[in-house]
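Data block below; observations after.
The values are calculated or read from the model by the stated rules, or taken from the named source; none is laboratory data. Remember, predicted model here, so these are calculated numbers, not experimental data. So basically every Cβ, Gly included, is an ideal-geometry build from the backbone, and we count neighbours across all protein chains shown. Surface accessibility is based on the protein's heavy atoms, side chains included, excluding ligands, DNA and RNA. Shrake-Rupley method; radii C 1.70, N 1.55, O 1.52, S 1.80 Å.
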Amino acid sequence: QVQLVESGGGLVQPGGSLRLSCAASGIIFSIWTMGWYRRAPGKQRELVAAMTSSDFTNYADSVKGRFTISRDNAKNTVYLQMNSLEPEDTAVYYCNAERGGVRYWGKGTLVTVSS
């Protein structure tokens, strides 16, 4: 059974930082593309960042230079370091594993950026 469990969300002030983690089980983690998506209130889910098994990364334009995705294959964990957070980053953040058209999702973790 595949499980993706996110952690690290919370309330942060504008300009602050958070690091999200996603622990995966039930897959050969190192061969999967891992990503972070988010759904803001009233909006559709969108890609935030993704990292392939070859460590190629892709970021949404809105987070480039502020967010960094990384992975630790020994720990089956993917991270999202979020700096210079803005109120517009408020959303539920979801971890995603993708390979060959197959996708798995975590349940999400809420990030709220507010003063």
**Complete:** Taking Rh as the Kirkwood radius computed over alpha-carbon pairs of the range 48-99 and applying Stokes-Einstein at 10 °C with viscosity 1.306 mPa s, one gets a diffusion coefficient in µm² s⁻¹ of 132 µm²/s
**Fill in**
Pseudo-spin-label distance residue 88 to residue 64, built 7 Å along Cα→Cβ, given in nm, is 1.4 nm
**Rough spin-label spacing in nm, given labels placed 7 Å along Cα→Cβ, for residue 53 and residue 75** = 2.2 nm
**Request:** Find, among the chymotrypsin sites (Phe, Trp or Tyr not before Pro) in the range 7-115, those assigned to loop by DSSP (not H, G, I, E, B) with at most 13 other beta-carbon atoms within 10 angstrom.
**Result:** 56
**Asked** How long, wide and thick is the range 1-66, going by the Cα atoms along their three principal axes, in whole angstroms, largest first?
**Response** 37, 24, 23
**Fill in**
proj_area_mean for the chain (convex hull on C-alpha atoms), units nm², value 6.7 nm²
**Message:** What is the percent carbon and sulfur in the accessible area of the chain, measuring with a 1.4 Å probe over the protein chains and ignoring ligands?
**Reply:** 46 percent
